[in-house]
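For reference, the structure discussed in these notes is given below.
The values are calculated or read from the model by the stated rules, or taken from the named source; none is laboratory data. Values in this document were obtained by computation on a predicted structure and should not be read as measured data. Glycine also receives a Cβ, built like all others from the backbone with ideal geometry; neighbour counts cover every protein chain displayed. Accessible surface is based on the protein model in full, side chains and every heavy atom, while ligands, DNA and RNA are left aside. Shrake-Rupley method; radii C 1.70, N 1.55, O 1.52, S 1.80 Å.
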Amino acid sequence: MWNNWKVLITDYVWPSIEPERQVLAEIGAELIVAETGDEEELLTLVPIADGILTCWKPVRKRVIDAAKNCQIIARYGIGLDNIDVGTATENGIIVTNVPTYCVDEVSDHAMALLLACARKIPRFNTAVKSGTWDQNIGPQMYRLRGKTLGIVGFGHIGKAIILKAKVFGLDVKVYSPRTSPELIKCHDAEKVSFQELLKTADFITIHAPLTTETQHMFSYDEFRVMKPTAFLINTARGGIVNTAALTVALQNGEIAGAGIDVLETEPPEVDEVLLTLDNVVITPHAAFISEESILELEMTAAMCVVQVLTGQLPESVVNPSVLKRPNLRAKSLLKKKT
């Protein structure tokens, strides 16, 4: 039996929402698409929403408190830093994500940035197109085989990049305080402390979520510890790296370079100094994109909404404690739990 469900999409960055429209049409759900996704607009739309699909736009306390009928907030992606998960839980709202999304894409992109930095690809490309045929521009290049890759984080993407790094002959060290050394060793890598990672890695790639613990995890002190020949790769979240500190480190030669897909401010200001540096490669938060990954993302996130609204339990509930709360909005799930 169909209900008159209404699902709000706060924002999206792909050409069409037809895939999720088709998935939600199976239960007769109507899509409401925000024009700007700004908080004031969302406050006018969420009171009638039974579910929310969100990409980048913040879904904070005011919006969640106003969403009196909402049963689920589904994130288009992995990270949850744009959603106030605590407030959602207090309001009995299930929050989901797509934890296996874009594993290949982001790990490929991280390796591409690493190779671009190590082999000076953008620098050579720009020079040749400008009429300069010179193999010796910029810093010296070193063989990849035998060098050390440090990975911050040990989720799906962190694990995936180990296999790809090993193909190039890189030794791999991992900083993941909550993961056992045995598990990391099973993936042919070594668990180390953060300080050891900073001191010994020739390349560091970040694959951790943005939390209060990881905010500005890489700042002035950390760059001073890293090798002057080391490169930082970030395809996770911009806030994990202090942009001002990274800029200084690159300008002063404290590290050799950086490959960046995410920034603290996106898009960056037109006068952002980081954009002018030759030893940084920047892409526009595009690591997650492929035709296959976007379609998978749209359909998986929409299916989470369908599952909750029809009394099913999604696999990717990120706030499982909500299922034990007496104010759980998905009442059919509450009955099943009890």
Report task. Given the options SER293, SER130, SER180, state which has the largest fluctuation in a GNM of the chain using a 10 Å cut-off (strictly under) for Cα springs. Result -> SER130
**Report entry** Within-11-Å neighbourhood charge of LEU43 [Cβ basis; K, R +1; D, E -1]
**Finding:** -3
Query raised in the report: How much net charge surrounds ALA112 when only the other residues with a Cβ under 13 Å from the Cβ of ALA112 are counted, with Lys and Arg +1 and Asp and Glu -1?
Result: -2
Query raised in the report: What shape does the chain have by the C-alpha gyration tensor, where a ≥ b ≥ c are the square roots of the eigenvalues, rounded means a/c under 1.5, and otherwise prolate means a/b greater than b/c and oblate the rest?
Result: prolate
Requested in this report: Kindly report the accessible area of the range 239-294 per residue (heavy atoms of protein chains, probe 1.4 Å, no ligands, DNA or RNA), in Å².
Outcome: 46 Å²
Requested in this report: Mind scanning LYS61/LYS191; LYS159/LYS227; LYS6/LYS61; LYS57/LYS173; LYS164/LYS199 and naming the pairs with a C-alpha gap bigger than 29 Å?
Outcome: LYS61/LYS191; LYS57/LYS173
Query - Surrounding net charge for LEU263, when Lys and Arg each add one and Asp and Glu each subtract one, Cβ distance under 12 Å - result: -4
Query - Gyration tensor (alpha-carbon) shape descriptor, the range 32-189, a/c threshold 1.5 - result: oblate
**Report entry** the range 184-228: Rg to Rh, with Rh as the Kirkwood radius over Cα pairs
**Finding:** 0.98
